[in-house]
1. Would a scan of the stretch C:32-51 turn up a residue that is among the aliphatic types (A, V, I, L, M) and modelled with pLDDT of 80 or more?
2. How about the stretch B:57-72: which of its residues are touching a strand residue (DSSP E or B) at 6+ places or on another chain (Cβ under 9 Å) and assigned to a loop (DSSP other than H, G, I, E, B)?
3. Report whether or not B:Thr51 is under 22 Å from B:His198 (Cβ atoms), polar (S, T, N, Q), in contact with a Ser or Thr (Cβ under 8 Å, 6 or more places away or on another chain) and buried (at least 18 other Cβ atoms within 10 Å of the Cβ).
4. Can you confirm whether the stretch C:81-98 contains a residue that is open to solvent by 40 Å² or more (accessible area, probe 1.4 Å) and at pLDDT below 75?
5. So in the stretch B:73-89, with the set limited to residues that are open to solvent by 40 Å² or more (accessible area, probe 1.4 Å) and in contact (Cβ under 8 Å) with a residue 60 or more places away in the chain, which one is nearest to the other protein chains (Cβ to nearest Cβ)?
6. Looking at (1) among the charged types (D, E, K, R); (2) at pLDDT below 85; (3) open to solvent by 50 Å² or more (accessible area, probe 1.4 Å); (4) assigned to a helix (DSSP H, G or I), can you tell me which one C:Asp201 breaks?
7. Taking the condition outside the structural domain of C:Ser111 (by TED's automatic domain parsing) and not in a strand (DSSP E or B), does C:Tyr265 pass?
8. Among the candidates A:Phe95, A:Phe26, A:Phe67, A:Phe11, single out the residue that is more than 14 Å from chain B (Cβ to nearest Cβ), farther than 30 Å from A:Glu126 by Cα and not aliphatic (A, V, I, L, M).
Amino acid sequence: MRILVIAINTFKEAIRDKILYNLLFFALLMIGTSLLLATLTVGEQSKIIIDIGLASINIFGVLIAIFLGIGLISKEIEKRTIYNILSKPMPRYQFLIGKYIGLLLTIAVNTTIMGIGLYIVLAINELQWGHSILNVNPDIWKAIYLILIELMVVTAIALMFSTFSSSSSLSAIFTIALYIIGHLTEDIRLIGEKLQSVTLKGVINLIYYLLPNLDNFNVKGRVVYGIEISPIYLSLVTLYGLFYISIVLLLSGMIFQKRDFK
Amino acid sequence: MHPTVIKTENLTKVFKIGFRGRRVTALRNLNLEVKEGEIFGFLGPNGAGKTTTIKMLIGLIYPTNGKAWILGRELGDVEIKKRIGFLPEQPYFYDYLSSKEFLKFYGQLFGLERDELKERIDTLLTMVGLKDAADLQLRKFSKGMLQRIGIAQALINHPDLIILDEPMSGLDPIGRKEIRDLILRLKEEGKTIFFSTHIIPDVEMVCDRVGILMKGELVNVGKPTEIIDAKIKYIEIIVSDINQEILIHGKAMGFTICETGGQVSIKLPDENQLDFMLEMIRSGKGRIVSVVPQRETLEEFFLKKTGERIS
Amino acid sequence: MERFKNYLIQLLIVPIALSVYLTQIQIEGYKDIEQRIEKFMMLPKGEYLKPMTLGYEQLVGDIIWLRAIQVIGDKVVTSKGYTWIYNALNVVTTLDPKFVYAYQLGGVTLSTLGNRPDLSNMLLKKGMKENTTVWQIPFYIGFNNFFYLDDYESAAEYMSLASKLPGHPTYLPKLAARLYVQAGNPNVALEFLARMYKETDDEKVKSALEQRIKEVIVERDARFLEGAVNRYKEIYNLYPDNLQDLVRKGIIKEIPQEPFGGFYYFNSSDSRVYSSVVKERMKVYGKK
């Protein structure tokens, strides 16, 4: 119940934040612009639109997740609003989870809006060529769904950094770094496979499984080229995301619980 | 005998500062008892450890050593917090909320039911005089208004113990008086109030007992009149509806006069001038709001105290 | 009680971490090699990618390179897969045109492992334009032209080009000269292959070359045996029943060892010699 109160309040805070609208505006602008760019190419207009559209949803989603995510706790500490909240009868972990859910709500709404934006642009494109709206590739929703799960993971990571780092910019750098590395984990694993030393191999493997495998969530290319994304893959990746988020939140909770708010 | 509301036993806090973990003792072996129905003033200069103590009582930081009980329960018990009202130092709240939303938010954290909450919000807004600002966002509030809405949120759960951290700092004399009145009213309702301050007159006027904290150690506890013997520096009279001629006259006599809103504060440097000035105000049909003797500042007082202790 | 609950929650990390690990392993099963190669298909053209790397062309090039060499030589890679690998290497070398090793490894694997000499030559010729003093690049083009495209003349030209570049091995001018005059001789081919074998350090390429060397040996031996069969016919005016007849009648000392561990036999229906392992005779060498 208290978790929900915090979540709703966090959602309220986010939707009264100007950053959110600016980012959303630019994302929709980019998706809209793809319609213009598509007219420049010969054939495969929908490919260009999907490329640009999914990329925009992903990039702006990550920006929203990182910039609102790192502020989630550190802003409460910086602005000292946390003193009063934690003086109320609420365990700290509930506050943390409430904040997380609140931001997820914000991100889910945003991603949905951007997704609908992309769908509309694709539908307009089909109509322009005299096709039926039904021609719009339904797999874009699978890609958007996995983007959303990825954003959930990124948000959890941002939240974790903001529970112990006192500087927002430092948390932002950490999160962005982990986001980039999270997309290169495949390479880390392959390097591990090629190594001769068993200990070194073990270390690399450990790092590989510790890092978030964000590449799991990237099916943008498969959607564009019409390669099938199986329901088993979708559910496996969803499970992976949820397990990873649980771990990150547990760690954040443990850090947060022990912390002094000077 | 009144039951004990706050009890601390050798409460100690050591902070580690910086990367090297330099140890700084913020509070050393605090032993304190606050009884039910008391107004307890926690007096000390900035950095003496007042806020550290309060944060430990509230659960924002953890004691390095020692124990404390609130309302009979040991620190760390979430149940305690249901019966405490807390106002942080220089309160920072979600400024995008309106007064009503703000109180509703905290009420919900205590699990108050919708109807009960609505009624409670109305009562509290009236009590702190913010009825007209019910739908105003907190970011548009003045310092005094913020302090008052802060007290309102501290009271939302009908607390038995109210802890206020520097409730009067940064307020003008009129704002201070309002807070003082509020504290006295809460005492009448049977609440226990524990508040910290670094301003001596605040303590003198409302507290039943005072504890003086210096450099992390409790140096003295007792009735304000017993332990505070600071010299009067000047007397401040606050009046309303005053005749302008009297003000001009007062200025001519070397009094400091400043007007805020409809009220005027006049500072008399000498006690002996008080009768004369009051006479003049009455003859000019001015309404006297308050007469407050201003003593030396705490720093000056403490300087004197430490001087005494050394000698 | 409170403390006990905290410990319990902390212990939860273990099973959840295990679940993360297990699901990731499951997911990997789905990310098979085909999918890894598909990624190269989705790469944008190097020319477009270059401005997007914000000045980190080499770094991005290295990342794509590292990914590409992981899949190169994998048995399951299809011919289509090699098109994508070519695509990736093309991007890498556009981002980083002086990356000589990318041309070398790409050139040699695309032809020997991928059986795509066309793609190999495209990549190598691009490399030659950017790196005019590296003798290995024309050497590899010569190799492709000789063994895969049967274009001995241009193979010889590229070889002599390579033998004029700094740092070339001493045998190269001679080899180039031999290619001009005795292109159809399996012994020339064998020397060429042996040199090539020495120039590469990729194990998979080496084993592919070894295979190739054995095939040429089979061809050489088959020709040798056919020569003996013809002499037998000249003497006795009829074909031998089998190759053992050649030894028995003293035409040759012995039948050479079949390099794959099989044996040679005489096929009376087309009067040619075959290996029991390599069913087809090479079309090349001497047919042109």
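1. The answer is no; no qualifying residue exists.
2. B:Ile61, B:Tyr62, B:Pro63, B:Thr64, B:Leu71, B:Gly72
3. yes
4. Restricting attention to the stretch C:81-98, the residues satisfying the condition of being open to solvent by 40 Å² or more (accessible area, probe 1.4 Å) are C:83, C:87, C:90, C:98.
Restricting the remaining residues to those that are at pLDDT below 75 gives none.
No.
5. Filtering the stretch B:73-89 for residues that are open to solvent by 40 Å² or more (accessible area, probe 1.4 Å) and in contact (Cβ under 8 Å) with a residue 60 or more places away in the chain, the one nearest to the other protein chains (Cβ to nearest Cβ) comes out as B:Lys82.
6. (4)
7. Considered against the rule, which asks whether it is outside the structural domain of C:Ser111 (by TED's automatic domain parsing) and not in a strand (DSSP E or B), C:Tyr265 comes out as no.
8. Residue meeting the stated conditions: A:Phe67.
The values are calculated or read from the model by the stated rules, or taken from the named source; none is laboratory data. Just so it is clear, the structure is predicted and the values come from calculations on it, not from any experiment. Note that we place each Cβ from the backbone using ideal geometry, even for glycine, and neighbour counts take in every protein chain shown. Accessible surface areas use protein heavy atoms only, side chains included; no ligands, DNA or RNA. Shrake-Rupley method; radii C 1.70, N 1.55, O 1.52, S 1.80 Å.
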